[in-house]
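In what follows, a single structure is set out as structure tokens and then discussed.
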Amino acid sequence: MQSSLFRTDEELVRIYNRHVNTVYRICFMFMKNRHNAEDMVQNTFVRLMKDKTVFQNEEHEKAWLIRTATNLCKDYFRHWWSKTVSINEAAEISVENPLNTDSVLEKVMALPSKYKTAVYLYYYEGYSTVEIGEILKKDPSTIRGYLHKGRKLLKMEMEGDFE
Amino acid sequence: MKKEDLKVSFDKIKPSESAKKRMLDNILNYSERKKGISMKLFNYKKAVPVLALVIVVAGSLFAYNMLKGNFNSSLPPENSVTDDAGFGREDFAAPLLNQFQIDGRHYIILSDELKTEFGLPDSVNENDIGSKIADIALSPDKSLIGSEVYSYIPAGGESVVAVKKDNEYRFSGSLPLKAIITTRMKMQSNTLSFMELKKRMISRKFSL
């Protein structure tokens, strides 16, 4: 097996297979269409190839990928796309139908990205607010605020306080 | 909305198998392509700073030499000794040979050129050897120490003397050379007088 820039291709494939779905979901929530989401997934793993970080475990690896994917998606809109299309209008511009969505997913996708990401990481991936804060480089109280707002917008019947 | 509904909805967001394979292929292709590019750029990226450094150093040396006034493309500086003399370090200084000192006067063994120039014969005629002056006691040339020094009668003084070394007489002249030149003029004068005298004798002989 040949080597990539800083990791062997074998290592890269293993990491890819472990986390591609998570990375794809993060990217999709930002990009709101398959085509751009795939581009961002590729960019995330290309960034992984160039990065020298030695991961302590799979969770560390996953957290790094989530943070990198989030930052790359934000950068995508920050650089040039944001001049014509805001991050929340991207889905309307896209001609491609993203997924066979139900009403729940449509509501989630309609959330602003910061709430959406926090909701995904908390309810789906099972991270605590502290962990989400570390991944996204935000204060845990800020994350709790995002979750509170996101839950309110989704009218979720969830338990009260966040951890 | 319940938590379970949310999980089910998020489960729907996932790439198809073909999309996964396509993305992975693209990533690995990028890896290969990037390696090729990086290999090509490697020398270039290294070469540019090295080349810049060389230019800076060369420029600095050039500017330094220009400011110092030492810059000369090919010719050596004036009054400098070149070629083989470049080895002429202090410890390569030529030893002083064929010189000695008697009573505060410095003498030098005359070379063939000097002998010719000053009108001296190639070899010393033993009949012209006068009295012994001294033994050489002071000389940088160790081989001369102990040699006997005799006066040379035709010179009429001690400016030119004969040094006996290895049972052979050699001319030696005192320094400064002015004395030698004086001796030479004196010898020439003596020769002229001798010729004049001889001419007179011949003319007298014929007249008789």
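Worth a mention:
- Residue ID - nearest to the other protein chains (Cβ to nearest Cβ), chosen from residues in segment A:119-152 that are aliphatic (A, V, I, L, M) and touching a Gly at 6+ places or on another chain (Cβ under 6 Å): A:VAL119
- A:THR44 assigned to a helix (DSSP H, G or I), within 17 Å of A:ILE135 (Cα to Cα) and hydroxyl-bearing (Ser, Thr, Tyr): yes
- Which listed residue is acidic (Asp, Glu) and at pLDDT 90 or above, from A:GLU92, A:GLU106, A:GLU125: A:GLU125
- In segment B:118-155, the residues that are of a type in the set (S, T, N, Q) and under 36 Å from the mean Cα position of the chain (by Cα): B:SER123, B:SER139, B:SER143, B:SER147
- Pair list, Cβ under 7 Å, 6 or more apart: segment B:100-111 residue without any contact (Cβ under 8 Å) to a residue 40 or more places away in the chain, other residue assigned to a loop (DSSP other than H, G, I, E, B): B:GLN101/B:SER139
- All of (1) closer than 30 Å to A:PHE28 by Cβ; (2) modelled with pLDDT of 80 or more; (3) assigned to a helix (DSSP H, G or I) hold for B:GLU32 with one exception: (2).
The values are calculated or read from the model by the stated rules, or taken from the named source; none is laboratory data. As the structure is a prediction and not an experimental result, all values here were calculated from the model. Every residue, glycine among them, receives a Cβ derived from its backbone with ideal geometry; neighbour counts consider all protein chains shown.
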